[in-house]
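A quick write-up on the structure given underneath.
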Amino acid sequence: MAPRYAPSLWARLPAMALMLEIIFIVLFAFFVETEEFKKTKNQEFLYLYANFQDVHVIVFLGFGFMSMFLVRYGFSGTGFGLLVAAMVVQWATFINAFLSSFHSSHFKWPVQINLNRQGHACVVMQRKDLFASDFQKIQHVVVTLVNAELCAASALVAMGAVHGKTNPAQLLLLGLLEVTGLVVNQGLIKKLFKNDTFNTTMQLHVFGALFGVMTSWVLYRSEAEPRHEKEKFDSKTGLFSTLGMLLLWMFWPSINFVQAQEIRIMYSTYLSLAVSAVTAMALSVLLSPKGKINLVHVQGAALAGGVAIGAIRTVLDPWVAMVIGMCATLLSTLGFRYMKDHMLFAFECHDTCGVLSVHAIPGILGWFADLFLQLVNIDDATIAIRFAVHYICILLISVSMSLVTGTITGFLLKLKFWKPQQDRKCFDDQAFWEFPHLAVHN
Amino acid sequence: MAPRYAPSLWARLPAMALMLEIIFIVLFAFFVETEEFKKTKNQEFLYLYANFQDVHVIVFLGFGFMSMFLVRYGFSGTGFGLLVAAMVVQWATFINAFLSSFHSSHFKWPVQINLNRQGHACVVMQRKDLFASDFQKIQHVVVTLVNAELCAASALVAMGAVHGKTNPAQLLLLGLLEVTGLVVNQGLIKKLFKNDTFNTTMQLHVFGALFGVMTSWVLYRSEAEPRHEKEKFDSKTGLFSTLGMLLLWMFWPSINFVQAQEIRIMYSTYLSLAVSAVTAMALSVLLSPKGKINLVHVQGAALAGGVAIGAIRTVLDPWVAMVIGMCATLLSTLGFRYMKDHMLFAFECHDTCGVLSVHAIPGILGWFADLFLQLVNIDDATIAIRFAVHYICILLISVSMSLVTGTITGFLLKLKFWKPQQDRKCFDDQAFWEFPHLAVHN
Amino acid sequence: MAPRYAPSLWARLPAMALMLEIIFIVLFAFFVETEEFKKTKNQEFLYLYANFQDVHVIVFLGFGFMSMFLVRYGFSGTGFGLLVAAMVVQWATFINAFLSSFHSSHFKWPVQINLNRQGHACVVMQRKDLFASDFQKIQHVVVTLVNAELCAASALVAMGAVHGKTNPAQLLLLGLLEVTGLVVNQGLIKKLFKNDTFNTTMQLHVFGALFGVMTSWVLYRSEAEPRHEKEKFDSKTGLFSTLGMLLLWMFWPSINFVQAQEIRIMYSTYLSLAVSAVTAMALSVLLSPKGKINLVHVQGAALAGGVAIGAIRTVLDPWVAMVIGMCATLLSTLGFRYMKDHMLFAFECHDTCGVLSVHAIPGILGWFADLFLQLVNIDDATIAIRFAVHYICILLISVSMSLVTGTITGFLLKLKFWKPQQDRKCFDDQAFWEFPHLAVHN
């Protein structure tokens, strides 16, 4: 094949995707079964199901369409989003449950490393093996599904930073590694701090965004001009990404609710998002030399309020939620206007969808707001300090974990083995999709 | 700045939006708190939440995308819809609750004007001030949210008449004034007639549509040619507005349900809308000289059935709902074909989205249908007449109120202070948005 | 009118649609009433309502937008989908309930054919006529609505095969006949096998798809070149159809759930669809000579898993659902790549949206998978054989019924009376819609 064409996906994607699917089917055959419902539980299920559907829309429709603002990247934005998310929910279902049974007392590794009396490590083969009857199969309940979808959301956030510069095989690997890192990080924090922070925004957004940015940094293509000619939006793709953004904006209260299972967080998120939307538009005008609104900035910054509230587990007064939404939007807009280019020129780190401004910064802001709100209620200085240290440690561990795993993933994806597209073919559907006017559905 | 560019938004929008946000935050800090839920109430909440989400989709996605049929107005249609609705829900939350506590006995104005014995008015300072402990804070429950969203829907209807001829600062003001008028009108009717008609279509659609049309009449730009060159749709924007219209069409049963809290109205609305959609298409062909379907007419008229049913509080037989849907669509289609141009040429009143045909006429039809259906069941002539007078008075008060407040708003918006765009820049995103091919998200 | 224009819709559509509407209103006036709800039933209703909304979105938004991939067929794809579905839900409500009261003991035909003693048939006029007081009116409950929407889905599947080659009056007739055939077939199977298979995919998808393909076969236009110049997609319509496909993909678990009322089928469908999406993309690359993804193939094949699971009434282990999803996608992709063109050249049968690959093949696969899974649990060979015969008979009856009714419908639609568009005007909105740049909404 002449080098002027993008390398064919033929060589990598099908083998990888089908092989993984077969592995997943085998894992599910051994480890996953569907819970049997009693009639009385149906009601409870159907509550959760409506919420689950909101999350489902966010993950599969919202993120996909929002990442579609690039002028020639529509098919890839939605298509690869679907591919990665569909794969990740399967993997996350398995790994989440595996790790949680690892924490519970029921589980024993079939192979254990014990320290023997002489202080030497020796491998002890357990008689009871992995598939023994007392090993509880993963119950595939709706909560599992919601958790899997939240993991997929995190993977899609990470993908946002590398969109257009990677092929789908690379994106698949990135998604699976990101989720693995995320779940391991959660397990680690749970073990160290007896603290179940899994479903907070901290994990979801901050981990995903920093992971993605690091990967993008390693993958930086120095030959590419500062701004790729196809890295822009037009009025058509702008409208599709507005659709995606509005879906995220509307259903964000649901995604925060399923994490917290506390109804009042819905109100907080709702108000915070309303303030965010207004503030984002006002700030976009204010920071623009011509006094015009930048669509992409507004789309990102209007979500910042929802991300920030997601990190907070304290019950908020409405006005506090509004203030947090305003601050998150302010930081996010500033990030878009000034930090993104700075990151590109100073650190050679290109962040396609601006995930750092949309997800990482508001997430960290929310985390500190939560800390501050909790400290206000604590009188004893010692407890307060211990509390603060506790919070900051969790943040540091998560951040380091995401930076390290993101960097490793970046180097893995940089291997020639993956046959990424040429610089000219970045941000372009034509590298991967049979194109309409040439060969139509036949 | 050279006069050939649209005036920058810089001078008005950010200051106005941010100032309002800060005022809202202060108001919320003093007056709004989030209800504490008992576990047993969670279920009840989650029912309502699913319905609330349908309304949410209608307000933020449906109206936004439906108003997007104009060929170069896509970003503004959705973006300014989001801006105004996000602002209005905050203001409506506050003002709704404020007025309802004004009606309840708990509330006393801190400052009261009393007539003293000599007949002179004297201002009496109440000792108990506004923030006293026995002043009940507004409980920010889900019903409040639903009501706020319905108010936002009304504001968006009003905006439909002036789309493309105003800048976002003007739209913001229009939204806030419309909602204030709407809520005051409701308070007035409640006081006069001991009749809680707030959430019926009468208020929502008729008030909004007439308000918008009056504003548009005052704002009429005589220099503009009869039809602006950008006031047309193309196949892309037509499809986006189809998406918006279908969302409204599908979720309309929910919006009528949350108003009536009567399940059978869902069925009525559903059937009425089904008949509306078929009739709208048939009539559009019938009234077209070439026998072709007009997309914009069909989109508006297919919703007329839902609007009309929303004004009816009697329980309907299915076939009656279908007949009402058919009549509403007939009137709405005739309004689109003949009245819109007549309004423009005879009264110099330009109605961008045809809100008069979609919202006002079907709403008034529904109101009279309701009256008629109630009269059928009344035997006593005296009671029937009193009933009819009662209904017609409410209609007249609402109509006058909307005409007056709409006209006042129009004159306020006509002030040079707001720096509206030039005629050439009407119906055009470029006046307000940084444009793709020039400066991209950076 | 000059022959170079498509025949005007004026002559047929309005009369037909309005007449049908009036007939429906009369039928509803006599036979349909709305159930009165007790307060205690509200909860139950609201569960179902959320599910109903998912089906509603699939039928009116999903199918419409998915059939919109053709480059100049966007308005027609969504508009005629709305027209036919809105009509069909009314007709299906009536005919479903009519047939089910036909089965129940309450109902007696006013005119009955009895065999008298001499063995001659004689018509006996029943005294009790159709509208007698003991004839139970159809209760218009939410289950009725869901069933009506499922019938509409089936009609939309059938429409998929003839899109672009028929005018809306023909599509209306096709929709009504398809639903009649579907409901009669269900009645027949119920009568013969005492087996209520109505709501399974077998009926919904296989019947619809085969019906549509047969109609399309009869309507084949031999003069048209093998591939019509407008039968292709572009990046804009591709994105809209991606939106439609994602809506179907996301809400498919709900459509399978409302049919089975068994929660575990939701999980099965969810997993099956996830595997489908990944497999579809991998196979599309694998079967493409250039190693690129074909958007239309992927969109169809990614849904195959959901269709297959819908035909299964056994409770599935998760891994079995995943395997079925994989197999269904494999067959569906092969069907798209090889069978569609073969059908066109060998049998002169043109299937616009590839419904054979998306709906018929996965549906039949699911049916056999269900049979196989049931046979595995049966020990007794005699029962097993009887069971298998039973299953295969139901399949054969449904298939024959759909082929026969589809062919008859095709011949009915071929009549010159319907004034179909010329070959040049196939797959083109301009034949039916007032076009933007010529005459705008006025």
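Of the conditions (1) at pLDDT 95 or above; (2) open to solvent by 20 Å² or more (accessible area, probe 1.4 Å); (3) not aromatic (F, W, Y), A:N199 fails just one. Which one is it?
For A:N199, the exception is condition (1).
Might you check whether a residue that is of a type in the set (D, E), in contact (Cβ under 8 Å) with a residue 40 or more places away in the chain and surrounded by 23 or more Cβ atoms within 10 Å (Cβ to Cβ) occurs anywhere in region B:207-227?
Step one: list which residues in region B:207-227 are of a type in the set (D, E), which gives B:223, B:225.
From what's left, in contact (Cβ under 8 Å) with a residue 40 or more places away in the chain: B:223.
The next check asks that each one be surrounded by 23 or more Cβ atoms within 10 Å (Cβ to Cβ); those that pass are none.
No; the residues of region B:207-227 include none that is of a type in the set (D, E), in contact (Cβ under 8 Å) with a residue 40 or more places away in the chain and surrounded by 23 or more Cβ atoms within 10 Å (Cβ to Cβ).
How many of the residues making up region A:250-269 are under 23 Å from B:V88 (Cβ atoms) and at the interface with chain B (Cβ under 7 Å from one of its Cβ atoms)?
Here the count works out to 3.
When you look at A:G366, is it under 21 Å from the mean Cα position of the chain (by Cα) and on the phi > 0 side of the Ramachandran plot, yes or no?
Working: under 21 Å from the mean Cα position of the chain (by Cα): yes; on the phi > 0 side of the Ramachandran plot: no.
In short, no.
Are any residues in region A:289-343 more than 7 Å from chain B (Cβ to nearest Cβ), without any contact (Cβ under 8 Å) to a residue 40 or more places away in the chain and of a type in the set (D, E, K, R), and if so, which ones?
Scanning region A:289-343 gives no hits.
Suppose we filter B:F102, B:F94, B:F45 for residues that are assigned to a helix (DSSP H, G or I), modelled with pLDDT under 85 and open to solvent by 10 Å² or more (accessible area, probe 1.4 Å); which single one remains? Step through it out loud before you land on a result.
Numbers: B:F94 fails: modelled with pLDDT under 85; B:F45 fails: open to solvent by 10 Å² or more (accessible area, probe 1.4 Å).
On inspection, the qualifying residue turns out to be B:F102.
Determine, yes or no, whether C:L344 is at pLDDT below 90 and over 26 Å from C:I265 (Cα atoms). Outline the logic, then answer.
On the way: at pLDDT below 90: yes; over 26 Å from C:I265 (Cα atoms): yes.
So C:L344 passes the test.
So, B:L273, is that one within 14 Å of chain C (Cβ to nearest Cβ), modelled with pLDDT of 90 or more and within 20 Å of B:D370 (Cα to Cα) or not? Give the derivation first.
Details: within 14 Å of chain C (Cβ to nearest Cβ): yes; modelled with pLDDT of 90 or more: yes; within 20 Å of B:D370 (Cα to Cα): yes.
Against the criterion (within 14 Å of chain C (Cβ to nearest Cβ), modelled with pLDDT of 90 or more and within 20 Å of B:D370 (Cα to Cα)), B:L273 qualifies.
Taking the condition of being in a helix (DSSP H, G or I) and open to solvent by 10 Å² or more (accessible area, probe 1.4 Å), how many residues in region A:311-354 meet it? Quick ask: steps written out before the conclusion?
Filtering region A:311-354 down to residues in a helix (DSSP H, G or I) leaves A:318-347.
Of the ones still in play, those that are also open to solvent by 10 Å² or more (accessible area, probe 1.4 Å) are A:319-320, A:323-324, A:326-327, A:330-331, A:334, A:337-347.
Total satisfying the criteria: 20.
Is there any pair linking a residue in region C:406-431 that is part of a helix (DSSP H, G or I) to one that is of a type in the set (G, A, S), with Cβ under 7 Å and at least six apart or on different chains, and which?
Hits for this filter: C:G406/C:G212; C:W418/C:A169; C:D423/C:A224; C:K425/C:A6; C:K425/C:A431; C:D429/C:G74; C:D429/C:S76; C:A431/C:A6.
Do we have any residue at all in region C:48-63 that's facing chain B (nearest Cβ under 10 Å), at pLDDT 55 or above, part of a helix (DSSP H, G or I) and more than 27 Å from C:E178 (Cα to Cα)?
For region C:48-63, residues facing chain B (nearest Cβ under 10 Å), at pLDDT 55 or above, part of a helix (DSSP H, G or I) and more than 27 Å from C:E178 (Cα to Cα): present.
Consider region B:363-391. How many of its residues are open to solvent by less than 60 Å² (accessible area, probe 1.4 Å) and either charged (D, E, K, R) or touching a Cys at 6+ places or on another chain (Cβ under 9 Å) (or both)?
Matching residues across region B:363-391 total 3.
Can B:L286 be described as facing chain C (nearest Cβ under 8 Å) and open to solvent by 10 Å² or more (accessible area, probe 1.4 Å)? Give the steps one after another, and end with the answer.
Working: facing chain C (nearest Cβ under 8 Å): yes; open to solvent by 10 Å² or more (accessible area, probe 1.4 Å): yes.
Yes; evaluated as a whole, the condition is true for this residue.
The values are calculated or read from the model by the stated rules, or taken from the named source; none is laboratory data. It should be emphasised that the depicted structure is a prediction, and the values quoted were computed from it without experimental measurement. Note that each Cβ is placed from the backbone with ideal geometry, even for glycine, and that neighbours are counted across all protein chains shown. Side chains included, ligands, DNA and RNA excluded: accessible areas come from the protein's heavy atoms. Shrake-Rupley method; radii C 1.70, N 1.55, O 1.52, S 1.80 Å.
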